[in-house]
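Notes to accompany the following structure.
Values in this text are rule-based calculations from the coordinates and carry no lab data. Bear in mind the structure is a predicted one, so any value in this text is a computation, not a measurement. Every residue, glycine as well, gets a Cβ built from its backbone with ideal geometry; the counts of neighbours run over all protein chains shown.
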Amino acid sequence: MSLFWELHSDLPREGPGADETTRKAAEKIPRLPEGSRVLDVGCGPGAQTLVLAWQFPQAHITAVDRHAPFLEELRRRARLSEVSSRIASLQGDMRALPFSDDRFDLIWSEGAVYIMGFEAGLRSWRPLLKENGWVAVTEISWLTGEPPDEPKEFWSRNYPAMATIASNCSMAQGAGYEVLHHFTIPERDWWTDYYGPLEMKMRALRLKYADKRDALAFLDEEQKEIDLFREHSPCYGYVFYLLRKESSPSGLKPRRSS
């Protein structure tokens, strides 16, 4: 097992979030029809997947992730929560989802769309949605138009596509969606189930790999991200975007040239 996966195993969540925040977003989605289909893209170990199963008891959920141990953990959690009969897990790449068009009533993705990029992800998901289908997605976003140099330099190296809320809303509209709502997730959602447990694991791994220079350098880089948010959390955060597929093809604007 690589050190990355050793660090990122057995965490409550694989990114900022909380059950309460997932429920808050789900409550803004109109009641789904009986037998509806929900796709959870980049589900990780499935914390939000289980919340969706309880929030939408009439729906069948397909959870996709490329990392098999995450899916094993999701299945374990689903059995304990007695919702396993309505959750199907699939190992796969979000950049090549094996689904037919017009299949899903709702596509959900927390902390994962950055793998494709916000706009590219939304464009790739749109054909999979039924008419007037919904997308609920979190994306790390600038909360200010003029962030300090330190976070700006860090994220320009690690996620140069990071944009402001206004820019992301504009991209969503250009990709053929109506922006119904957005909200910034609470700062505590970064710590309780993600950064807090991550720091605890990092302390243990520093002892385990105390004589491994490369391992310690990797852990130092991981710590930099955490320390950066600790100091500059007012400048950026994860934002939940609640989007509805526009029914008219004319609403889909051409992809912008780069």
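First select every other residue whose beta carbon is under 12 angstrom from the beta carbon of ALA25; then total the charges, Lys and Arg +1, Asp and Glu -1.
-2
Taking other Cβ within 10 Å of each residue's Cβ, how do GLU14, GLU27, GLU119, GLU231 sort, fewest first?
Ranked by crowding around the Cβ, least crowded first: GLU27, GLU231, GLU119, GLU14.
Which net charge results when you count Lys and Arg as +1 and Asp and Glu as -1 among the other residues whose beta-carbon is under 11 Å from that of ASP93?
+1
What's the tally of Lys pairs in the chain whose alpha-carbon atoms lie under 22 angstrom apart, where the two lysines are 8 or more places apart or on different chains?
11
Between the alpha-carbon centers of region 147-161 and region 68-98, tell me the distance in whole angstrom.
So the separation of the two Cα centres works out to 33 Å.
Note down the relative contact order for the chain as a percent, whole number, built from C-alpha pairs under 8 angstrom at least six residues apart.
23
How large is the helix-only mean residue ellipticity at 222 nm for the chain, computed as the sum of -39500 (n - 2.57) over DSSP H runs with n ≥ 4, divided by its residue count, in deg cm²/dmol to the nearest 500? The partial results should precede the final answer.
Details: 9 runs with 97 residues, N = 258.
It comes out at -11500 deg cm²/dmol, rounded to the nearest 500.
Suppose R0 equals 22 Å; then what is the FRET efficiency for LEU180 and ARG95 from their Cβ-Cβ distance, rounded to the nearest 0.05?
In this case the efficiency is close to 0.25.
To make sure I understand, if each residue's beta carbon is the centre and we count other beta carbons within 10 Å, what order do ARG123, ARG66 fall in, fewest to most?
Least to most surrounded, the residues fall as ARG66, ARG123.
Let me know the shape class of region 4-143, please: from the alpha-carbon gyration tensor, a ≥ b ≥ c as square roots of the eigenvalues, rounded when a/c is under 1.5, otherwise prolate if a/b is greater than b/c, or oblate.
Taking the square roots of the gyration eigenvalues as a ≥ b ≥ c, region 4-143 is rounded.
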